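Asks: Okay, here's the structure, questions in a sec.
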Amino acid sequence: NTVAPLMITNKFHGLLKKAADKKGSAQVANISSTLGSMELAPAIAAEATGVLVPTALYAMSKAALNMLTRKLSIEWKQDKIRATCFCPGWV
């Protein structure tokens, strides 16, 4: 949930920059999860029913993806590349 998006976005940085130069901006969109929310972590933990370890591992990987996306949005801003996480809701 974190390493592959990092590797892919790094590989595509040149193409994203080229697109931004041509079109005015480019976009990276990562699919996250409510489980990756730091703000909602206490409420989510209160709902856990004996599946803490798998849920915790998944939540940590999505929280890391959220941080990666935030860092990209800051570091690539000068290249006019936006980075956004979104949660598609219950799937």
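The values are calculated or read from the model by the stated rules, or taken from the named source; none is laboratory data. In this text the structure is predicted, and so the values were computed from the model without any measurement. A quick note on method: Cβ atoms are made from the backbone with ideal geometry, for glycine too, and the neighbour counts reach across all protein chains shown. In case anyone asks, the SASA skips ligands and DNA or RNA and just uses the protein heavy atoms, side chains included. Shrake-Rupley method; radii C 1.70, N 1.55, O 1.52, S 1.80 Å.
Asks: In the range 9-16, is there at least one residue being surrounded by 13 or more Cβ atoms within 10 Å (Cβ to Cβ), of a type in the set (Gly, Ala, Ser) and modelled with pLDDT of 95 or more?
Replies: No, the conditions are met nowhere in the range 9-16.
Asks: Only one of Lys23, Lys80, Lys71 is touching an Asp or Glu at 6+ places or on another chain (Cβ under 8 Å) and open to solvent by 40 Å² or more (accessible area, probe 1.4 Å). Can you tell me which?
Replies: Result of the check over Lys23, Lys80, Lys71: Lys80.
Asks: Okay, moving on. So which residues in the range 28-58 are surrounded by 12 or more Cβ atoms within 10 Å (Cβ to Cβ) and either closer than 27 Å to Ile81 by Cβ or at pLDDT 90 or above (or both)?
Replies: Val28, Asn30, Ile31, Ser32, Ser33, Thr34, Leu35, Gly36, Ser37
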